[in-house]
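Q: First, the structure itself, so that you have it in front of you.
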Amino acid sequence: MTGLALETVRKRQGVTQVQAAKLLGLSQPMLSHMETGKRNVSLEVAQRAAELFGGDPTALPLDPLPRHSDETLASELGRLGYPGYAHLSGRLRNPAEFLLDALDHSDLDVRTTEGLPWVVLRYPHLDWSWLLREVKLRNRQNRLGFVASLANKIALQNGPVVVLNVLEPVLRELEDARLAREDTLCQESWPLSRKQHVRAVRSKLAAHWNLDTRLSEVDLAHYAA
């Protein structure tokens, strides 16, 4: 989060700098230095500001290293607004960072996996350049390609045009980087017999991205509207 973004979300809520500093646990001069760019906005301050003032989570700093547990990822998905986890509320996290973390898991809870296309639909303006670079470094581009393709299918039926416009170049880049090797959608511990069974019944879209998964847009009707 930049200092300007911090100042913008604060003023949008009608909060003075003195009030905001107290809420954020900072001195007023320190907050002033952050808003004017003399000091960097720390991750803790950015997260707290987004939670207090309703800032866009896509403005939060990005870190490719943190690996969170299934339980933490589920609560973060709920905090991002996912209807399936409305009863959960973890720390607010940049959706691009969340997607990278989730897609890089060897094994992920199926219910959380179902929420990944929703993140793409809800935050189409996330930092795609960063996310694409990071998934390629980890050879996870097929997983992201499948998730983004599912989101695109749903957007074709129900979504705004802006989502389709954003996803078009993203899917082109992922298509160019598509891997030939077979993978799963975050279910690497499946025995070979189960992988072979799923491979025999998977959708054409899953086959295109070389993923052993039965997930399809039909399974996402609970949030597609």
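The values are calculated or read from the model by the stated rules, or taken from the named source; none is laboratory data. Bear in mind that the values here come from a model prediction, so they are computed numbers and not experimental data. With ideal geometry, Cβ positions are generated from the backbone for all residues, glycine too; neighbour counts draw on all protein chains shown. Side chains are part of the model used for accessible areas, which takes the heavy atoms of the whole protein and leaves out ligands, DNA and RNA. Shrake-Rupley method; radii C 1.70, N 1.55, O 1.52, S 1.80 Å.
Q: Pull up the range 51-60, narrow it to residues that are of a type in the set (A, V, I, L, M) and within 16 Å of the chain's Cα centre (by Cα), then point me to the one that is surrounded by the most Cβ atoms within 10 Å (Cβ to Cβ).
A: So the residue we want is 60.
Q: Now for a separate question. Among (1) open to solvent by 40 Å² or more (accessible area, probe 1.4 Å); (2) among the basic types (Lys, Arg); (3) part of a helix (DSSP H, G or I), there is one condition residue 143 misses while meeting the rest; what is its number?
A: The single condition residue 143 does not satisfy is (1).
Q: So how many residues does the range 80-90 have that are under 17 Å from residue 101 (Cα atoms) and modelled with pLDDT under 90? Let's see the steps before the verdict.
A: Residues of the range 80-90 that are under 17 Å from residue 101 (Cα atoms), as a first pass: 80, 82, 90.
Filter once more, keeping what is modelled with pLDDT under 90: 90.
Total satisfying the criteria: 1.
Q: May I pose another question? Go through the range 61-109 and give me each residue that's open to solvent by 10 Å² or more (accessible area, probe 1.4 Å), touching a residue at least 60 places away in the same chain (Cβ under 8 Å) and part of a helix (DSSP H, G or I).
A: If the condition is that a residue be open to solvent by 10 Å² or more (accessible area, probe 1.4 Å), touching a residue at least 60 places away in the same chain (Cβ under 8 Å) and part of a helix (DSSP H, G or I), then 83, 84 are the ones that fit.
Q: Can you tell me which residue in the range 1-28 is nearest to the chain's Cα centre (by Cα), limited to those that are of a type in the set (A, V, I, L, M) and loosely packed, with under 14 Cβ neighbours inside 10 Å? Give the steps one after another, and end with the answer.
A: Filtering the range 1-28 for residues of a type in the set (A, V, I, L, M) gives 1, 4-6, 9, 15, 18, 20-21, 23-24, 26.
From what is left, the residues that are loosely packed, with under 14 Cβ neighbours inside 10 Å are 4, 18.
Values: 4: 23, 18: 33 Å.
Going through the qualifying residues, I end up with 4.
Q: While we're looking at this one, here's another question. Which of (1) of a type outside the set (Asp, Glu); (2) open to solvent by less than 20 Å² (accessible area, probe 1.4 Å); (3) closer than 27 Å to residue 168 by Cβ does residue 128 not meet, given it meets every other one?
A: Every condition holds for residue 128 apart from (2).
Q: Identify, by number, the condition in (1) out of contact with any Phe, Trp or Tyr (no Cβ under 7 Å at 6 or more places or on another chain); (2) buried (at least 18 other Cβ atoms within 10 Å of the Cβ) that residue 118 doesn't meet.
A: (1)
Q: A further question on this structure: Could you list, ordered by first residue, the pairs with Cβ atoms under 7 Å in which the first is in the range 147-172 and farther than 14 Å from residue 99 by Cβ and open to solvent by less than 30 Å² (accessible area, probe 1.4 Å) and the second is not in a helix (DSSP H, G or I) and not aromatic (Phe, Trp, Tyr), at least 6 apart or interchain?
A: From residues that are farther than 14 Å from residue 99 by Cβ and open to solvent by less than 30 Å² (accessible area, probe 1.4 Å), the pairs are 163/124.
Q: Ok, one more. Restricting to the range 205-225, and then to whatever is part of a helix (DSSP H, G or I) and over 19 Å from residue 140 (Cα atoms), can you tell me which residue is least open to solvent (accessible area, probe 1.4 Å)?
A: 220
Q: What are the residues in the range 1-34 that are part of a helix (DSSP H, G or I), of a type outside the set (A, V, I, L, M) and closer than 24 Å to residue 96 by Cα, if any?
A: First pass over the range 1-34, keeping only residues part of a helix (DSSP H, G or I): 3-12, 17-24, 28-34.
Then keep just the ones that are of a type outside the set (A, V, I, L, M); that gives 3, 7-8, 10-12, 17, 19, 22, 28-29, 32-33.
Correct list: 3, 7, 8, 10.
Q: Within the range 180-198, which residues are open to solvent by 50 Å² or more (accessible area, probe 1.4 Å) and either within 19 Å of residue 108 (Cβ to Cβ) or in a loop (DSSP other than H, G, I, E, B) (or both)?
A: The answer is 180, 181, 182, 188, 189, 191, 194.
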